[in-house]
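S.K.: First the structure, which I've put down as structure tokens, then a few questions once you've had a look.
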Amino acid sequence: MDISVVIPLYNEEESLPELHSWIKRVVEREGLTYEIIFVNDGSTDGSWDVITRLSQEDANVHGICFRRNYGKSPALFCGFEQAQGDVVITMDADLQDSPDEIPELYRMIKEDGYDLVSGYKQKRYDPLSKTIPTKLFNATARAVSGIKNLHDFNCGLKAYRKKVVKSIEVYGEMHRYIPYLAKNAGFKKIGEKVVQHQARKYGNTKFGLNRFVNGYLDLITLWFLSSFGAKPMHIFGLIGSLMFIAGTLMAMFVGGVKLYDMYMGNHYRLVTDSPYFFIALTTMILGTQLFVAGFLGDLISRSSQERNRYQIECRV
């Protein structure tokens with residue numbers, strides 16, 4: 001099979017028939033074999049009824065229905081599990097992503113050799129309250145991930161080589177960082193294509209401004225896990241050791257000042273009268289706790305069943 005189109009959705013019953021016919025028209029014109037996988041993320045409208053009807057009318061349509069709303073990442077994870085096409089394409093169900101982009105995305109994967117191609121909505125039909133935070137978010141994501149050529153991490157229109165989606169685990173709200181997940185899994189050829197962005201035709205957006213806050217927190221988590229997930233002692237142990245040494249030197253300085261004053265016959269105060277003593281003591285305690293946290297994290301990491309699971313490209 002050439003293409004699997006994975007479409008997560010929540011309350012999009014009005015757009016589904018039009019989206020299905022549009023995708024079908026495009027891929028059949030190109031002579032591609034395909035499947036469309038709709039993942040109904042706990043919709044409360046008639047979305048599942050529409051998907052059921054479409055699957056009865058078209059054998060290439062498949063559906064997955066969640067009992068409740070889990071989020072976009074779980075929907076993509078389940079869609080990726082079921083996808084069988086050589087190239088997997090994801091898009092949103094609100095008709096803001098154009099299926100006319102599918103042939104070129106497919107060509108970039110198959111002919112240009114990209115592992116992943118992300119859409120870039122260069123001209124957006126969104127209010128400033130959405131576009132400005134998006135630009136800041138993407139700038140931060142580029143800096144942290146090191147993927148400098150991507151301008152729109154959060155674009156739902158993406159194309160993947162099949163082995164990419166079978167090698168990564170999308171969870172929580174990590175769908176925003178699939179290119180980063182792919183890079184961490186060893187897929188380095190990540191490209192971008194400027195795609196058409198269309199105004200929403202039906203209903204209202206399902207995402208609020210809180211997604212930007214969550215996005216930054218998820219980015220920090222992903223950076224930490226990719227950098228120190230398998231070796232927490234390297235970060236906690238290092239910071240803890242530096243804090244303990246700094247606290248020790250501070251305490252020695254306070255004690256040394258008192259001993260010097262005693263030796264010289266000067267007036268001196270008790271060590272506990274100095275605020276620097278308590279700062280030093282607190283720093284030493286925090287340093288010890290961080291060191292122990294890193295040590296325990298290392299023990300947990302070493303006992304994980306995933307500790308020796310690696311992405312092997314091929315064998316001879």
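The values are calculated or read from the model by the stated rules, or taken from the named source; none is laboratory data. Please read all numbers here as calculations on a predicted model, not as lab measurements. Reconstructed Cβ throughout: ideal geometry from the backbone, glycine too, with neighbour counts over all protein chains shown. Only protein heavy atoms, including side chains, enter the accessible area calculation; ligands, DNA and RNA are left aside. Shrake-Rupley method; radii C 1.70, N 1.55, O 1.52, S 1.80 Å.
S.K.: Quick one: which residues, 5+ away or cross-chain, put their amide H under 5 Å from the amide H of I64? H built at 1.01 Å from N.
M.R.: F38, V39, N40
S.K.: Moving on. Ignoring ligands, DNA and RNA, what percent of the 1.4 Å accessible area of the chain is carbon and sulfur?
M.R.: Its accessible area is 58 percent carbon and sulfur atoms.
S.K.: Please give the charge dipole size of the chain, origin at the Cα centre, charges +1 on K and R Cβ atoms and -1 on D and E Cβ atoms. Round to the nearest 20 debye.
M.R.: That gives a dipole near 1020 debye.
S.K.: Sticking with this structure for a sec: Charges on Cβ only, +1 for Lys and Arg, -1 for Asp and Glu, centred on the Cα centroid of the range 1-62; of T52, S4, L16, which one is farthest towards the dipole's positive end?
M.R.: Going by the charge dipole, the pick is S4.
S.K.: What do you get for the angle between helix 128-145 and the principal long axis of the chain? Use alpha-carbon atoms, 0 to 90 degrees, nearest ten.
M.R.: The two axes meet at around 60 degrees.
S.K.: What does the extension gain come out to for H267 and V292, with contour length at 0.36 nm per residue minus their alpha carbon separation?
M.R.: This chain segment gains 5.0 nm when fully extended.
S.K.: Let me ask you something else. Could you state the angle between the C-alpha long axis of helix 16-29 and the longest principal axis of the C-alpha atoms of the chain, as a value from 0 to 90 degrees rounded to the nearest 10?
M.R.: 70
S.K.: So who's got an amide H within less than 5 Å of the one on Y120, skipping anything under 5 residues away but keeping other chains? H placed 1.01 Å off N, in plane.
M.R.: When sequence neighbours closer than 5 places are left aside, the close amide H contacts are K193, V194, V195.
S.K.: Relative to the longest principal axis of the chain, what angle (0 to 90°, nearest 10) does the C-alpha long axis of helix 210-228 take?
M.R.: It is inclined by approximately 70 degrees.
S.K.: So which aspartates and glutamates pass the test for K231, namely a Cα distance under 16 Å, with those fewer than 8 places away in the same chain ruled out?
M.R.: D298, E306
S.K.: Classify the range 73-191 as rounded, prolate or oblate from the Cα gyration tensor: take a ≥ b ≥ c as the square roots of its eigenvalues, call it rounded if a/c is under 1.5, otherwise prolate when a/b beats b/c and oblate if not. Please report the intermediate quantities before stating the final value.
M.R.: Working: a/c = 1.45, a/b = 1.28, b/c = 1.13.
Cα axes put the range 73-191 in the rounded bin.
S.K.: By how many nm would the segment from Y202 to C65 lengthen if fully extended, with 0.36 nm per residue of separation less the alpha-carbon distance?
M.R.: The span from Y202 to C65 would gain 47.2 nm if fully extended.
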